[in-house]
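Enquirer: Input: one structure, supplied below.
Every number in this text was worked out from the coordinates using simple rules, so none of it is lab data. All values reported here derive from a predicted model rather than from experimental measurement. Note that we place each Cβ from the backbone using ideal geometry, even for glycine, and neighbour counts take in every protein chain shown.
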């Protein structure tokens, strides 16, 4: 079948540093592909290789049937990219920004008018189209920037850490708006992030990269099956430092994390967890709620990073 994006053992070295090392993956058309990894893992370098902005040291790639190395201009004409900067002119209004980029893409006056209205309505910014962008929040600017990227109806868009620096409310709104845009356009999205919650909610497929090497590719559910640990979350009060230490010393406990009034306990595979609630009550914990589930994508990701460091 024809893939929207495909790489075959692509590598990029900068002197003695191998930023991308023999990376191979395929991205299905119309999906959101999450490229996960810590800072400095090779995510942004991979995007620049796919856009034809960098020449690979070895290997090859294909974006919508075009070779970024020899047909980079064709790739960029058919793609949209939101990388380090938003590309917005902050002294212009939202409408003026998009109208300018519409002219760059040679859209007719009627096309620009209709497309701008369509995009701004989908991200709930149409009523603010005549405001100067400079005074906007980072979240609003990011939504406008994605509208800029989508303006010329690209087949593939690249988003590099689009929610970095956004607060939780703005991040959630951004994810909802992105899904809305993607579902209505059928565009393929290549999304780099180290926000595992974001990847789990948005992506049909993810790839995990560390130190330039691709560790794993699959759906979030497939990756979560790699870690069969049971997780119990306790909501309540009375979680002392001494209690956390005591739980960590119990048999079958893999990790204990306390955040606000939530105690998240991960058990080793096959461990019996039935003793936990009686033990906590005996220690004076006031329990409001008990939730049981499986390991999250974040649990799997952190385990992969630890294993790679061993």
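Enquirer: Using Cβ counts within 10 Å as a stand-in for footprinting exposure, how do 64, 216, 150 rank, fewest first?
Expert: 216, 64, 150
Enquirer: As a footprinting exposure proxy, order 203, 79 by other Cβ within 10 Å, with the fewest listed first.
Expert: Final ranking by Cβ density, sparse to dense: 203, 79.
Enquirer: Same structure, new question: Past the 29 angstrom mark, what percentage of all C-alpha to C-alpha distances in the chain do you count?
Expert: For the chain, the share of Cα pairs beyond 29 Å comes to 47 percent.
Enquirer: Can you give the extra length, in nm with one decimal, that the chain gains between residue 246 and residue 291 once fully stretched, where that is 0.36 nm per residue apart less the Cα-Cα distance?
Expert: 14.1 nm
Enquirer: Can you tell me the FRET efficiency between residue 24 and residue 167 if r is taken as the Cβ-Cβ distance and R0 is 25 Å, rounded to the nearest 0.05?
Expert: Efficiency, from the Cβ-Cβ distance: 0.10.
Enquirer: Still on this structure, I have one more. Which shape class, rounded, prolate or oblate, goes with region 1-57 when its Cα gyration tensor gives a ≥ b ≥ c as root eigenvalues, a/c under 1.5 marks rounded, and past that a/b bigger than b/c marks prolate?
Expert: In terms of gyration-tensor shape, prolate.
Enquirer: Residue 262 to residue 221: extension gain in nm, 0.36 nm per residue of separation minus the Cα-Cα distance?
Expert: 12.3 nm
Enquirer: Over the Cα atoms of region 9-105, how large are the radius of gyration and the largest Cα-Cα distance (Dmax), in Å?
Expert: 15.7, 46
Enquirer: With the cut-off at 1.5 for a/c, could you classify region 150-249 from its C-alpha gyration tensor as rounded, prolate or oblate?
Expert: Taking the square roots of the gyration eigenvalues as a ≥ b ≥ c, region 150-249 is prolate.
Enquirer: Rank these for me by crowding, 47, 244, going from fewest to most other beta carbons within 10 Å.
Expert: 244, 47
Enquirer: In addition: Shape call for region 195-258 from the C-alpha gyration tensor, a ≥ b ≥ c root eigenvalues: rounded (a/c under 1.5), prolate (a/b greater than b/c) or oblate?
Expert: The shape class here is prolate.
Enquirer: Per residue, how big is the convex hull of region 73-116 when only Cα atoms are used? Give it in Å³.
Expert: Value for region 73-116: 85 Å³ per residue.
Enquirer: Treating the angle as unsigned and between 0 and 90°, give the value, to the nearest 10°, between the Cα long axis of helix 94-104 and the longest Cα principal axis of the chain.
Expert: Helix 94-104 sits at roughly 60 degrees to that axis.
Enquirer: Using only the alpha-carbon atoms, how far is helix 297-309 inclined from the longest principal axis of the chain? Give it as 0 to 90 degrees, nearest 10.
Expert: 90
Enquirer: Then there's this: Highest GNM mean-square fluctuation, the chain, Cα pairs closer than 10 Å: which of 141, 213, 292?
Expert: The residue that fluctuates most here is 292.
Enquirer: Give me the one-decimal nm value for the distance between modelled label points at residue 197 and residue 96, 7 Å along each residue's Cα-to-Cβ direction.
Expert: 3.7
Enquirer: Once the Cα atoms of helix 109-122 and of the chain are each reduced to a long axis, what angle between those two axes, in degrees from 0 to 90 to the nearest 10, is obtained?
Expert: So the helix axis and the longest Cα principal axis differ by about 10 degrees.
Enquirer: What value, in deg cm²/dmol to 500, does the helix sum -39500 (n - 2.57) over DSSP H runs of n ≥ 4 give at 222 nm once divided by the residues of the chain?
Expert: -10500 deg cm²/dmol
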